[in-house]
Amino acid sequence: MATANNGYYNIIGSMDGKPLTALAAVKFLGARASHVIAVGACAVHGGVSAAKPNPAGCVSVASVLQRKVIQLPGCPCHPDWFTGTLAHLLLYGDPELDRRNRPVMFYSQTIHDRCERRSFFDKGIFAKKLGDGACMFKLGCRGPITPIDCPIRKWNGHVNWPVGSSTPCIGCAQFGFPDQMEPFISYDVSKAEE
Amino acid sequence: MNRRDEANRTICEINACINLLYSSPCDETRNNILNYLGCKVYDLYLINNLDGTLLPTAAMTANALPLSNSRQFTKEELSAFNGKNGNPAYVAVNGTVYDVTNNAAWGAATHFGLSAGNDLTAQFNSCHAGQPILEKLPIVGKMI
Ligand code: SF4
């Protein structure tokens, strides 16, 4: 939510002949909706929009509404996380949430818990560069601090996911992304080859 | 367990997973089993491609105790342990210096925008106060 300059950095349409800011729309609809779901990093905690230096003064949806907001962090949010949450609301009511209001059906286990390269981590065998087939912890993998189900759900119609194509998790589904998940890749951690 | 036994055990597990796959009606369970199969295939790759004698020992894992934990650190000395170029990654909290080199939450010696080699007392207290985290970290010494 852009808040600087009264929200005029993000105009989503017009109402009564005047420009309608996202800020005004969220305040208006958010107060009246039966449920509010924040979809994606920017809505949940500011995400890329709120990255330093944040000229538009972006903040989370929850911080402009005085009510419970179901949080679906991710950059992007997986379609399954959103449709699954919506379907749960329609069919069974409120989904079980964790202490940061994320649905536990998607956000309960870290990437690291179910990563296919986990045995490399446990044995201390680490990739030194992208493309090495081992655990990417020393390159800066954020799988251990990111609770989400990418290893089993995968992306693009369940085809593959970052670690499956040898690139470390960048923690896009964790609060604080992107600033607090940087650096996304580090080549200066392992000892240089002699 | 020797390499051959380990491989055989993994193959048995893979077989059991395949049998399970036939009998699980739900997509979520099937995805979990497929994911587990993926992990087991990596295990086999490891067993097959690494010389057992070269496998890193427990000394490299996150919970291993360091050889000595009585070293005294100045701020400058601590800053050298920033995890770069094969150096260990240490952080100080409340006067104690901890080793986070192989701590999973410290990928590339960084953690939520913080870097190893620093005194992170204030940051720790604002995010993790009251959580049982420090007890699990190996201690390497004290700040002077
Ligand atoms: S690649 Fe990342 S998620 Fe996978 S085992 Fe290594 S640190 Fe954990």
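The values are calculated or read from the model by the stated rules, or taken from the named source; none is laboratory data. Here the structure is a predicted model, which is why all the values come from computation and not from measurement. Note that each Cβ is placed from the backbone with ideal geometry, even for glycine, and that neighbours are counted across all protein chains shown.
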Any hit, the stretch A:75-87, residues being crowded, with 19+ Cβ neighbours inside 10 Å and in a helix (DSSP H, G or I): yes
Selected residue (criterion: modelled with the lowest pLDDT) from residues of the stretch A:137-186 that are of a type in the set (Gly, Ala, Ser), out of contact with any helix residue (DSSP H, G or I) (no Cβ under 9 Å at 6 or more places or on another chain) and under 22 Å from residue A:79 (Cα atoms): A:157
Candidate set from the stretch A:112-149 (those that are within 11 Å of chain B (Cβ to nearest Cβ) and touching a residue at least 60 places away in the same chain (Cβ under 8 Å)); member that is nearest to the ligand (Cβ to nearest atom): A:126
Residue ID - surrounded by the most Cβ atoms within 10 Å (Cβ to Cβ), chosen from residues in the stretch A:96-111 that are away from chain B (no Cβ under 14 Å) and farther than 29 Å from residue B:101 by Cβ: A:102
Test for residue A:168: is it assigned to a helix (DSSP H, G or I) and closer than 14 Å to residue A:111 by Cβ: no
Every residue from the stretch A:1-23 that is surrounded by 17 or more Cβ atoms within 10 Å (Cβ to Cβ) and either among the hydrophobic types (A, V, I, L, M, F, W, C) or outside the structural domain of residue A:63 (by TED's automatic domain parsing) (or both): A:1, A:2, A:22, A:23
Among residues of the stretch A:1-43, those that are touching a residue at least 24 places away in the same chain (Cβ under 8 Å) and β-branched (Val, Ile, Thr), counted: 5
Residue within the stretch A:169-183 that is within 11 Å of the ligand (Cβ to nearest atom), surrounded by 20 or more Cβ atoms within 10 Å (Cβ to Cβ) and not small (Gly, Ala, Ser) present: yes
Subset of the stretch B:1-51 (residues that are of a type in the set (Lys, Arg) and within 23 Å of residue A:154 (Cβ to Cβ)): B:30, B:40
